[in-house]
1. Rounded, prolate or oblate: pick one for segment 19-61, where a ≥ b ≥ c are the square roots of the eigenvalues of its C-alpha gyration tensor, a/c under 1.5 means rounded, and failing that, prolate if a/b is larger than b/c, else oblate.
2. Rounded to the nearest angstrom and ordered from largest down, what semi-axes does the equivalent ellipsoid of segment 1-76 get from its C-alpha gyration tensor (root of 5λ)?
3. By average Cβ neighbour count within 10 Å, what is the ranking of 44-53, 135-144 from highest down?
4. Sort 92-104, 2-14 by the packing proxy (mean of other Cβ within 10 Å over each peptide's residues), most packed first.
5. Say each of residue 40 and residue 96 gets a label point 7 Å from the Cα, pointing the same way as Cα to Cβ; how far apart are those two points in nm?
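Readers should treat all values here as calculations from the given coordinates under stated rules, not as data from a laboratory. What you see is a predicted model, and the numbers here were worked out from it, not measured in a lab. So basically every Cβ, Gly included, is an ideal-geometry build from the backbone, and we count neighbours across all protein chains shown.
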């Protein structure tokens, strides 16, 4: 009688072992599926991160470009009190390069420029009255030189007339007023 019980116990243990093996295999396949899903998700996220890194690098390059353009604009639009002096220097260089003769230069009365907002720095207009003398072709060369200036200036007025002292028809007198807008630095502290 013990022998049949032992065989039944052995069969029951074998069935139990088989049931545990099937449950373990099912659990492992579910875990493998979850791991594979997580792996695919991590790959997708790493691809997104790589895309973000590329996008951030592009944005940083654009920001550097904008900063360089801002510096160029700040230089051209008048960055400080020295811009009036820069305008005079650029003007003298252009006159010399064109072959014109500068007969007079003087700073005219500066003016305030309306401010667009309270947080913006105040701006002043520095204007210069200039008299030139030379040939008409040299005057045209001077005007061409003004387009290459690295500072943004405005021709307020211009008057071209024949030279009254020289009978040579090619000599002209030019009276012009140039201005530059400059930012006034805000004073901080006492």
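1. Prolate is the answer for segment 19-61, as a/c is 1.5 or above and a/b outweighs b/c.
2. Each semi-axis is the square root of five times an eigenvalue, giving 72, 6, 4 Å.
3. Result, highest mean Cβ count within 10 Å first: 135-144, 44-53.
4. Put in order of decreasing packing, that is 92-104, 2-14.
5. 7.4
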